[in-house]
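Since the structure comes first, as structure tokens, the remarks are kept for the end.
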Amino acid sequence: MRVAQCCQSRTCHELPKPACCGTETSCTRPGIWECGMAGSLASSCVRVDPRSLSGAVSEPMHLLPCQIQREGAANVKGYFAPAVKDREGGKEVSFRGRTLKGQEVSVPSGYMGVVLREDQKPCSEEEDRLFTVKSTFRSFTQWNLETPPSADDVLIMSLIWPKIAAAIHAPVE
Amino acid sequence: MELEEFERDNSQNRLLSSPVPEICRTEDCCLGIDEAGRGPVLGPMVYGICYCPVARKKDLQDLKVADSKTLSEAERERLFEKLNSTSDYIGWALHILSPNIISTSMQQRAKYNLNALSHDTAIGLIQFALDAGVQLKEVFLDTVGPAEKYQDKLKKIFPELDVTVRPKADSLFPVVSAASICAKVARDRVVKEWKFVEDLGDPDAEYGSGYPNDPKTKDWLSRHLDPVFGYPQFVRFSWSTTQTILGNKAAPVSWGDEDDDSGGKSSTPSVLSFFSAPKDASQPQSHRFFQERNLKPLLEF
């Protein structure tokens, strides 16, 4: 089952890169579990082990308006989650002494959020890359620096894309 | 002093006050302002006011209030209880500025420095006393920044008050000494019993005075650094002490609004660039719809 459509067609667009405290995140359409590298001569393939999905737990997700230059686990449960307050204008917290204002955002319907982990990096470009699903999420908290989240935020506007993509690729009657 | 009100949510500021003595509503009063915890890298900054009728200044002096820095903790506690129980003619109020608010104010996009924050807090407390019905006539306080400028600023806002801004006001005017005692007692109590909003399994309280040069404070800071989050909200992130440690030992964090790092000048394009052809004119541009949404074709995983 080599599905390359995801990358070869120009229908799949990358969502803004989240900085979810050191974890790799992406939104995946259920069913597409492999992805060829379009346009490259290398025959390497990105695979996600579907069996890992059943063991994956659902975890709260936070999308921060900054880049943390570090890979690895973060003590979100200790430092961040307990400090989140529900204020008049919505959720509020601070990170490194800066105010963040947030809202809960649902993953577009028909989609599911997954956190992938690559346990072993391939040695060469030809080798396939294998990811396992570490956790899943149906919604996440979008955090803005100081400004309250709104419908005009780039992130919120970008989440309309799956709906449009589905419409323009639907068979013409 | 109902510190629990602040402790219930110490991410925010809190104003606490005594009842206004009846006599202070009818007789001309003097008011002193002082702060505690301006320098420390840990904990809140507390602004205090204390007021009494002008005619009772002598009685206040007889309570033997003095600059809080010259008193021991026990003496301060005892004097505060005395001031608090002399509720027939002495009133007080405190504004506790959360370290979280200090950090986020000083580091917000429209920078709000500590002097401006101090001025606004003092102004807020004078207004609070007026709104509470205290018949204010005289105000005494220590300076923050140049004394004359500060005095002019206050006189403009409160033209009906006789404002005296004087360095070392806390040792010159008993009403300011009394305010300094209230502020210092509140700050000490809050710091000693700091309720961490974070779930860190009760970090040890061996943080000393909180001053950046206190060896205990330094030691505590070096033991409690988290590479991602840095510190709990108890620590003032806007202090250079904290920023130095974070810069050296924590993960670098870049925010979208820090373009000033590149040296300002380079971010402004040369006027000539507007007349030359765009560099990547050969490249097909994606539609505005995608640009506005930051959507790009996924070519590489």
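The values are calculated or read from the model by the stated rules, or taken from the named source; none is laboratory data. Quantities reported herein were computed from a predicted structural model and do not represent experimental measurements. Quick reminder, even Gly has a Cβ in these numbers, built from the backbone with ideal geometry, and neighbours come from all protein chains shown. These accessible areas exclude ligands, DNA and RNA; they are computed on the full protein's heavy atoms, side chains included. Shrake-Rupley method; radii C 1.70, N 1.55, O 1.52, S 1.80 Å.
Of the residues that make up segment B:278-286, is at least one of a type in the set (Asp, Glu) and modelled with pLDDT under 95? So that I can check it myself, show each step before the final result.
Residues of segment B:278-286 that are of a type in the set (Asp, Glu), as a first pass: B:280.
Subsequent filtering for residues that are modelled with pLDDT under 95 retains B:280.
Yes, the conditions are met somewhere in segment B:278-286.
Can you confirm whether A:VAL133 is touching a residue at least 24 places away in the same chain (Cβ under 8 Å), more than 14 Å from every other protein chain (Cβ to nearest Cβ), touching a Lys or Arg at 6+ places or on another chain (Cβ under 6 Å) and under 25 Å from A:VAL57 (Cα atoms)? Give the steps one after another, and end with the answer.
Working: touching a residue at least 24 places away in the same chain (Cβ under 8 Å): yes; more than 14 Å from every other protein chain (Cβ to nearest Cβ): yes; touching a Lys or Arg at 6+ places or on another chain (Cβ under 6 Å): no; under 25 Å from A:VAL57 (Cα atoms): yes.
Taking the combined requirement at face value, the residue does not satisfy it.
Quick one: in segment B:132-153, of everything that is touching a Phe, Trp or Tyr at 6+ places or on another chain (Cβ under 9 Å) and within 13 Å of B:ARG25 (Cβ to Cβ), which residue is surrounded by the fewest Cβ atoms within 10 Å (Cβ to Cβ)?
Within segment B:132-153, the first condition is being touching a Phe, Trp or Tyr at 6+ places or on another chain (Cβ under 9 Å), and the residues that meet it are B:134, B:136, B:139-141, B:143-144.
From what is left, the residues that are within 13 Å of B:ARG25 (Cβ to Cβ) are B:134, B:136.
Values: B:VAL134: 23, B:LEU136: 20.
In this case the residue turns out to be B:LEU136.
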>> What's the total number of residues in segment B:201-220 that are buried (at least 16 other Cβ atoms within 10 Å of the Cβ) and within 14 Å of chain A (Cβ to nearest Cβ)?
In response: 1
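This table checks each residue for (1) out of contact with any strand residue (DSSP E or B) (no Cβ under 6 Å at 6 or more places or on another chain); (2) part of a helix (DSSP H, G or I).
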{"position": "B:VAL197", "(1), (2)": "yes, no"}
{"position": "B:ASP202", "(1), (2)": "yes, no"}
{"position": "B:GLU206", "(1), (2)": "yes, no"}
{"position": "B:LYS218", "(1), (2)": "yes, yes"}
{"position": "B:SER222", "(1), (2)": "yes, yes"}
{"position": "B:ALA251", "(1), (2)": "no, no"}
> How do the pairs read when you match residues in segment A:86-106 that are part of a loop (DSSP other than H, G, I, E, B) with residues anywhere that are of a type in the set (S, T, N, Q), using Cβ under 8 Å and keeping only pairs 6 or more apart or on different chains?
Replying inline: A:GLY97/B:ASN100; A:GLY97/B:SER103; A:GLY97/B:THR104; A:GLY97/B:GLN107; A:GLY97/B:SER238; A:GLY97/B:THR242
>> Going by what's in this entry, would A:ALA81 be described as in a loop (DSSP other than H, G, I, E, B), among the hydrophobic types (A, V, I, L, M, F, W, C) and open to solvent by 30 Å² or more (accessible area, probe 1.4 Å)?
In response: no
>> Taking the condition of being within 27 Å of A:LYS163 (Cβ to Cβ) and open to solvent by 60 Å² or more (accessible area, probe 1.4 Å), how many residues in segment A:111-148 meet it?
In response: 3
> Residues A:GLU14, A:GLU71, A:GLU104: which one is of a type in the set (D, E, K, R), surrounded by 16 or more Cβ atoms within 10 Å (Cβ to Cβ) and either modelled with pLDDT under 95 or within 15 Å of the chain's Cα centre (by Cα) (or both)?
Replying inline: A:GLU14
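Looking at segment A:44-59 only, could you name the residues that are within 14 Å of another protein chain (Cβ to nearest Cβ) and either of a type in the set (Gly, Ala, Ser) or within 21 Å of A:GLN142 (Cβ to Cβ) (or both)?
A:SER44
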> List pairs: first in segment B:16-29 and open to solvent by less than 20 Å² (accessible area, probe 1.4 Å), second part of a strand (DSSP E or B) and hydroxyl-bearing (Ser, Thr, Tyr), Cβ under 6 Å, 6+ apart or cross-chain?
Replying inline: B:CYS29/B:TYR51
>> Considering only segment A:42-58, I want to know if a residue exists there that is farther than 20 Å from A:ALA151 by Cβ, buried (at least 16 other Cβ atoms within 10 Å of the Cβ) and modelled with pLDDT of 95 or more.
In response: no
>> For B:LYS153, only one of the following conditions fails: (1) under 20 Å from the mean Cα position of the chain (by Cα); (2) in a helix (DSSP H, G or I); (3) touching a residue at least 40 places away in the same chain (Cβ under 8 Å). What is its number?
In response: (3)
> Just one of B:ALA129, B:ALA110 is within 21 Å of the chain's Cα centre (by Cα) and open to solvent by less than 50 Å² (accessible area, probe 1.4 Å); which is it?
Replying inline: B:ALA129
>> For the list (1) part of a strand (DSSP E or B); (2) under 15 Å from the mean Cα position of the chain (by Cα), I need the number of the one condition that B:ASN10 fails.
In response: (1)
>> Among the residues of segment A:101-156, what is the count of those that are among the basic types (Lys, Arg) and under 26 Å from A:GLY90 (Cβ atoms)?
In response: 2
> Of all residues in segment A:116-162, which are polar (S, T, N, Q) and assigned to a strand (DSSP E or B)?
Replying inline: A:THR132, A:SER135, A:THR136, A:SER139, A:THR141, A:GLN142, A:ASN144
> List, please: which pairs have Cβ atoms under 7 Å, are six or more places apart or on different chains, and start with a residue in segment B:76-88 that is surrounded by 22 or more Cβ atoms within 10 Å (Cβ to Cβ) and end with one that is of a type in the set (Phe, Trp, Tyr) and not in a helix (DSSP H, G or I)?
Replying inline: B:LEU83/B:TRP92
>> Suppose we filter B:LYS192, B:LYS156, B:LYS184 for residues that are at pLDDT below 95 and among the basic types (Lys, Arg); which single one remains?
In response: B:LYS192
